[in-house]
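Student: Sharing a structure below in C-alpha cells format, with a few things to ask.
Since every read-out is calculated from the coordinates, none of them should be taken as a lab result. If you're wondering where the values come from, they're calculated on a predicted model, not measured in any experiment. Because the Cβ atoms are built from the backbone with ideal geometry, glycine has one as well, and the counts that use them run over all protein chains shown.
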Amino acid sequence: MLKNISPVISPELLKILMEMGHGDEIVIGDGNFPAASVAQRLVRLDGHGVNEILEAVLKLMPLDTYVDAPVALMDNGDPSNTPPIWEEYKKTVTAEEGDKKFELVERFDFYDRAKKAYAVIATGETAIYANIILKKGVVIQ
C-alpha cells in the first residue's frame, strides 16, 4: 500500500493512469457496460461504484483544460428524466476540479468513443446510464 492513494485504486489502474498522456481518455463503466468487448485495456473494479472510482481517479489525474467538455456521459435520450447519479458526478467533479462542462454522448457513439479510449474500468455500479468518460489534462506542478 501507499500513503494518500485511495484503496480503490488498484496497482493496475495506478499504472494506467501514469501511462496516460494529455488528451487520453478513460471510461468508467457501470455494471451493464460492455467493458470487456470495447476495452483496449481493461481494469476490473467490480466491487466499487462509478462515483467512488471517479473521486479516487480525480485525486490523481487532472481533467483537460484545453477542451470545452473534459467529461462525457452516456446520454439516456430523455432530458426530462436524467439519471440521479449524474448529479453525484457533477458534485464530485466540482469538488475535485472546479466547475467543468459535461457533454452528453449518444449511446452508440459513446461505445465507439470507448473503443478508442486508453482504458476502460469495469465496475459493479447498478445505476443505469452511469457511464462516464474523462479526458486527461496536463499536470502542472
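Student: At 222 nm, what helix-only mean residue ellipticity would the chain give, in deg cm²/dmol to the nearest 500, using -39500 (n - 2.57) for each DSSP H run of four or more?
Tutor: After summing the helix terms and dividing by the residues of the chain, the value is -9000 deg cm²/dmol.
Student: Roughly what would the spin-label model give for Lys101 and Ile128, points 7 Å off Cα along C-beta, in nm?
Tutor: 3.0
Student: Please report how far the C-alpha centroid of the stretch 8-30 lies from that of the stretch 96-118, rounded to the nearest whole angstrom.
Tutor: With the stretch 8-30 and the stretch 96-118 each reduced to a Cα centre, they are spaced 14 Å.
Student: Using a basic spin-label model with each label point 7 Å from the Cα along Cα→Cβ, how many nm lie between Glu87 and Leu42?
Tutor: Modelled inter-label distance: 3.4 nm.
Student: I would also like to ask the following. Say R0 is 25 Å: what FRET efficiency, to the nearest 0.05, do Ser10 and Val139 get from their beta-carbon distance?
Tutor: 0.75
Student: Here's a follow-up. Ranking request for peptides 64-74, 102-112: highest mean number of other beta-carbon atoms within 10 Å first, then the rest in descending order.
Tutor: 64-74, 102-112
Student: Hey, another quick one. Hey, which lysines would be in cross-link range of Lys15, C-alpha to C-alpha under 17 Å, not counting anything within fewer than 8 residues on its own chain?
Tutor: Lys3, Lys59, Lys135, Lys136
Student: For the stretch 117-132, take each phi angle, set θ = phi - 60°, evaluate the Karplus expression 6.51 cos²θ - 1.76 cosθ + 1.60, and give the result in whole Hz per residue in order, putting x for glycine and proline.
Tutor: Here the 3J(HN,Hα) series is 5, 4, 7, 10, 9, 8, 10, x, 4, 9, 5, 8, 6, 9, 7, 9 Hz.
Student: What's the ranking of 118-131, 87-100 by average number of surrounding C-beta atoms within 10 Å, highest first?
Tutor: In descending order of packing, they fall as 118-131, 87-100.
Student: Please compute the Kirkwood hydrodynamic radius of the chain from all pairs of different C-alpha atoms, in Å with one decimal.
Tutor: Hydrodynamic radius (Kirkwood, Cα pairs) of the chain is 15.0 Å.
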